[in-house]
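Working notes for the structure below.
Here, each number is a calculation from the coordinates, and none is a lab measurement. Computed from a prediction, not measured in an experiment: that's the story for all the values here. All Cβ positions, glycine included, derive from the backbone under ideal geometry; neighbour counts span all protein chains shown.
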Amino acid sequence: MSEIDSKCKEIIIDLEKVDVFAKRVLAKSVLKNTQILFQEAYDENSMGTGEKLPFRLLIINHNSVPSSVPEFGAAVRCIKVYKRPIAEGYPENIIVCSGKSRVTIRYQLILVVEYEDGFVDILTLPTNLSNPFQYNSLTTKAFVDSTVISATGMPVFQRQNVVLPHETLRIVSNGVNDYPWFDYSVNIPLSLFDKQLKPHQLDNQNLESFVLLRCLNADIDVTDSQLVSLNEEGSLLVWTTEVSVSLFEDIIDKLGMDSDIIICGAPEFHGCDDCPKPPSCC
């Protein structure tokens, strides 16, 4: 008789050894209120600084049609975050070379936009974004800086590498003006976890990273209207409203592995054979 069996019987005769299959957490890292929607700051020499800024949108005013002398239309009055869909299979998380845990969140952002004339529209980011020079009347509802989507329509990596953990944000592209997702990634060094794993644990092929996302919130600031040029000559213009958007979330990363856990107890329901009055499902 094993020691666990003996202890179970010593406690009370009705208890038995119950084998539970569960994921055992060995270490945890909590990134509180992490900004997962941002753009990188640039200096006066057009070089990225690795620092975060709010994500800058120039939303086309309602009824402002591109022309050489466009009507002002109705500016944006208010924006609310409606929801944040996450792609199937995400968050994605892997352990890189036994030195860090990489978490990737692939998501969209759906905004409800109210204009000064009372009109309400839905913006899906990044689907409805473009560079001004790649304006598409069928899909474009807002413009971003050329440091986010270049003049050729190619998304630009956004980085935060000033402090640990380092982060990146990119717009997934299937071609010009075909942007289905944001990819936010954070590389969390194992030194930032609450417990230090031993070498044999890090080398274990069964070690995994599990991610929980909580407390999603947004910071939105509607500012001034701006006239945007849609070509290099400046002969095609449209009125827009500048809006700054930041999205924040708690990212909880747990390192662990599948384990058998032995407890002293008994299942609540043993089955029909043990039931004096079996239920109708038996």
Place +1 on the Cβ of every Lys and Arg and -1 on the Cβ of every Asp and Glu in the stretch 8-266, take the dipole about the Cα centre, and give the residue among MET154, PRO165, PHE248 whose Cα lies farthest towards its positive end.
PRO165
Please express the shape of the chain as an equivalent ellipsoid: the semi-axes are the square roots of 5 times the eigenvalues of the C-alpha gyration tensor, given largest first in whole angstrom.
52, 24, 14
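Which value in Å does the Kirkwood hydrodynamic radius of the stretch 96-143 take, with 1/r averaged over all unlike C-alpha pairs and then inverted? Numbers along the way, then the final one.
On the way: mean 1/r = 0.0743 Å⁻¹.
For the stretch 96-143, the Kirkwood estimate is 13.5 Å.
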Running Debye on the stretch 96-189 with equal point scatterers at the Cα sites and no solvent, what base-10 log of I(q)/I(0) appears at q = 0.13, 0.18 Å⁻¹?
-0.53, -0.86
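Can you sort LEU236, LEU26 so the residue with the fewest Cβ neighbours within 10 Å comes first? Write out the running numbers ahead of the final one.
Working: LEU236 16, LEU26 19.
So the ranking, lowest neighbour count to highest, is LEU236, LEU26.
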With a ≥ b ≥ c taken as the square roots of the eigenvalues of the C-alpha gyration tensor of the stretch 134-273, please select rounded if a/c is under 1.5 and otherwise prolate if a/b is larger than b/c or oblate if it is not?
prolate
Here the residues of the stretch 184-203 lying in the modelled label zone of CYS97, meaning backbone nitrogen under 18 Å from a point 7 Å along Cα-to-Cβ, are 186-192, 199, 202-203
Give me a comma-separated list of calculated 3J(HN,Hα) values for the stretch 60-77, in order, Karplus coefficients 6.51, -1.76, 1.60 applied at θ = phi - 60°, integers in Hz, x for any Gly or Pro.
5, 4, 5, 6, 9, 9, x, 6, 6, 9, x, 5, 5, x, 10, 6, 6, 9
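Please arrange HIS62, HIS200 by counting, for each residue, the other beta carbons lying within 10 Å of its beta carbon, fewest first. Mind showing how you got there, number by number?
Working: HIS62 20, HIS200 7.
Fewest-to-most Cβ neighbours within 10 Å comes out as HIS200, HIS62.
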Inter-label distance, nm, simple model (7 Å from Cα along the C-beta direction), PHE248/LYS83
2.4
Based only on Cα atoms, what Rg/Rh ratio does the stretch 34-133 have, Rh being taken as Kirkwood's radius?
1.08
Label-to-label distance, nm, for residues given as SER67 and GLU208 (7 Å Cα→Cβ offset):
6.0
